[in-house]
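The values are calculated or read from the model by the stated rules, or taken from the named source; none is laboratory data. Being a predicted model, the structure only gives us computed values, none of them experimental. Glycine gets a Cβ as well: all are built from the backbone with ideal geometry, and neighbour counts include every protein chain shown.
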């Protein structure tokens, strides 16, 4: 809107011009956009209560008219609040202007039934650019930072009760952006662990959280957990939901709520994901699955699940033959953890796991066992008992040499060319060199390669292991 002489007079704080302008406009039968703009300026900026009262009375009368007039007033109010720059937030909102917006409006389609909420749903005239896209975030910003405490309290009350979609969107966005905020001023909890205003609003609003759907922010799963609306979590994709929740755990104040959510999944993808994470060794997932009594939907997977989560009594009650039928898909490393000498695995369960690993059929799981045996004494003992070798013939000589099976090695690589080809492919820092040399030393054989470079050992594999936690440098009796 262009500034005219009458508008210049309207915003002046001297009372006579403001009273003169409002009195002149009040007598008109048709108000132009500039008339409405002048009234809004007087209401917001006049220093005289009579001028403000006259402007408010005229705006009240025209607001109660047709939707076109309401939309024009709405547009003028928001231009004033944003200082004529949409997207700009001026926290020095006039209490008089805030009072106009917070006044009741029975025509509002959403609660609370006030002008602020009603205005969001108005269609601006076609010759105006509707500012609705920024209204929600604007209101949240004012509720958090308006200079006047009464304005902050009023807008906080609106946000704590509203069902207006744009305002709910803005509350959710504010919650999500603050969930992992680094700056203390933007966090959902203060230093004492007390909720900050955004969190109080999100926890108080009876229309939040809303059901999850396509495009729902993952952070809102935490809000659902805080509100104990576990039924709404079903709208997320199960695997990604569980991954997000597990990764969010730590010392944060919301961690207890997330842990409760992980224990309250009904049958479906999310519960299955918790079971898979538990079988992969995630401690939080193991605790959740055990405490909640989860079981994989596939009955053949249950015995292995019980073994990998340390539920020995449950495993004994299950059909042990199922364990052997199901196999160990992607679980070789975890079973080697169960066989670790320091693990508290009962002897009968240990024997069952050893049998399972010894009887692995050819395929990826047996290859995983052979790969682990090249660096782990636990896996070596199992591989020796089973007679397993890698499916890749290029790896067989090195595997036999590393595991001390020299008679078998001599049969497949009598002149040592295959082993030399393998060692030539190793980087100088790789610990396979040391493993091969140690095996050759024990057998009284020539060194098959140079040792790994001592200066870079820290970047190689951990001594005795390949990422299989706790399996290196130990042995088991098979």
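Structural remarks
- Of all the numbered requirements in (1) crowded, with 21+ Cβ neighbours inside 10 Å; (2) in contact (Cβ under 8 Å) with a residue 40 or more places away in the chain, residue 280 misses one, and that requirement is (1).
- Selection count, segment 393-406, where residues are closer than 14 Å to residue 446 by Cα and not in a helix (DSSP H, G or I): 1
- Subset of segment 417-433 (residues that are farther than 13 Å from residue 452 by Cα and touching a helix residue (DSSP H, G or I) at 6+ places or on another chain (Cβ under 8 Å)): 418, 419, 422
- Residue within segment 201-214 that is farther than 30 Å from residue 99 by Cβ, at pLDDT below 95 and crowded, with 17+ Cβ neighbours inside 10 Å present: yes
- Restricting attention to segment 134-159 and to residues that are in contact with a helix residue (DSSP H, G or I) (Cβ under 7 Å, 6 or more places away or on another chain) and in a loop (DSSP other than H, G, I, E, B), the residue that is surrounded by the fewest Cβ atoms within 10 Å (Cβ to Cβ) turns out to be 148.
- Scanning segment 251-261 turns up at least one residue that is at pLDDT 95 or above, crowded, with 20+ Cβ neighbours inside 10 Å and within 20 Å of residue 291 (Cα to Cα).
Every residue, every condition in (1) touching a helix residue (DSSP H, G or I) at 6+ places or on another chain (Cβ under 7 Å); (2) surrounded by fewer than 19 Cβ atoms within 10 Å (Cβ to Cβ); (3) not assigned by TED's automatic domain parsing to the domain that holds residue 403, yes or no:
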position	(1), (2), (3)
288	yes, no, yes
314	yes, yes, yes
347	no, yes, no
352	yes, no, no
356	yes, no, no
373	yes, no, no
381	no, no, no
386	yes, no, no
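- Yes/no for residue 93 being buried (at least 20 other Cβ atoms within 10 Å of the Cβ), in a loop (DSSP other than H, G, I, E, B) and at pLDDT 85 or above: yes
- Boolean, residue 390 is more than 19 Å from residue 357 (Cα to Cα) and outside any helix (DSSP H, G or I): no
- Only one entry in 199, 223, 208 is in the same structural domain as residue 252 (by TED's automatic domain parsing) and under 21 Å from residue 258 (Cα atoms), namely 223.
- Residue, nearest to residue 413 (Cα to Cα), within segment 439-453, restricted to residues that are assigned to a loop (DSSP other than H, G, I, E, B) and touching a helix residue (DSSP H, G or I) at 6+ places or on another chain (Cβ under 8 Å): 448
- Evaluated against (1) surrounded by 15 or more Cβ atoms within 10 Å (Cβ to Cβ); (2) free of Cβ contacts under 8 Å to residues at least 24 places away in the same chain, residue 194 falls short on exactly one condition, (1).
- Residue check, residue 413 farther than 27 Å from residue 313 by Cβ, buried (at least 16 other Cβ atoms within 10 Å of the Cβ), out of contact with any strand residue (DSSP E or B) (no Cβ under 8 Å at 6 or more places or on another chain) and without any contact (Cβ under 8 Å) to a residue 24 or more places away in the chain: yes
- Residues satisfying the stated conditions in segment 185-205, i.e. more than 17 Å from residue 251 (Cβ to Cβ), part of a loop (DSSP other than H, G, I, E, B) and in contact with a strand residue (DSSP E or B) (Cβ under 8 Å, 6 or more places away or on another chain): 196
- Meets criteria (more than 22 Å from residue 349 (Cα to Cα) and part of a helix (DSSP H, G or I)) for residue 272: yes
- The residues of segment 162-184 that are modelled with pLDDT of 95 or more and in a loop (DSSP other than H, G, I, E, B), listed by number, are 162, 163, 164.
- If you check 409, 422, 427 for being farther than 17 Å from residue 330 by Cβ and in a loop (DSSP other than H, G, I, E, B), only one passes: 427.
- Any hit, segment 418-425, residues being modelled with pLDDT of 90 or more, more than 13 Å from residue 397 (Cα to Cα) and in the same structural domain as residue 371 (by TED's automatic domain parsing): yes
- The criterion of at least 1 residues that are modelled with pLDDT of 90 or more is met by the following helices (runs of 4 or more DSSP H) wholly inside segment 318-378: 332-338, 347-358, 364-373.
- Residue list for segment 237-250, restricted to those being closer than 17 Å to residue 275 by Cβ and surrounded by 17 or more Cβ atoms within 10 Å (Cβ to Cβ): 238, 241, 242, 245, 246
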